[in-house]
Amino acid sequence: MIYTDNNRKKDFQWFLDNYDNLYQTYGHKVFVIQNEKILSIFDDKNLAIDEASQAYGLGNFIVQECTGDESAYMCYITSWELV
């Protein structure tokens, strides 16, 4: 599977569309998202990035922090493999 910039944008939009529900369900968490699905949930961004990179490979997911306010809309964290 090739995870494209278009996939990343769709996943970020999915995160925004589901933001309130995610916060109500899980509280302040960090989500690893791929293809509009939550792959993993963490309490720490760095741990999320490290573990997701090992599990899913760089460039195959986005990591989003859900804080319950608009600050999470301002930053999206993505991974990509440098070639």
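The values are calculated or read from the model by the stated rules, or taken from the named source; none is laboratory data. Small disclaimer: the values here were computed from a predicted structure and weren't measured. Don't worry about glycine lacking a Cβ; one is built from the backbone with ideal geometry, like all the others, and counts go over all protein chains shown. For the accessible areas, the whole protein counts, side chains as well, though only heavy atoms, and no ligand, DNA or RNA atoms are used. Shrake-Rupley method; radii C 1.70, N 1.55, O 1.52, S 1.80 Å.
Report, by residue number, each residue of segment 26-51 that is over 10 Å from the mean Cα position of the chain (by Cα) and not in a loop (DSSP other than H, G, I, E, B). Of everything in segment 26-51, those that are over 10 Å from the mean Cα position of the chain (by Cα) and not in a loop (DSSP other than H, G, I, E, B) turn out to be 26, 29, 42, 46, 47, 50, 51.
The number of residues in segment 1-37 that are surrounded by fewer than 17 Cβ atoms within 10 Å (Cβ to Cβ) and farther than 14 Å from residue 59 by Cβ comes to 16. Close contacts from segment 53-72, counting a first residue that is under 16 Å from residue 14 (Cα atoms) and a second that is among the aliphatic types (A, V, I, L, M) and open to solvent by 50 Å² or more (accessible area, probe 1.4 Å), with Cβ to Cβ under 7 Å and a gap of 6+ residues or different chains, come to 61/39; 63/49. Taking first residues from segment 11-25 that are part of a helix (DSSP H, G or I) and partners that are open to solvent by less than 90 Å² (accessible area, probe 1.4 Å) and basic (Lys, Arg), the Cβ contacts under 8 Å between residues at least 6 apart in sequence or on separate chains come to 22/29.
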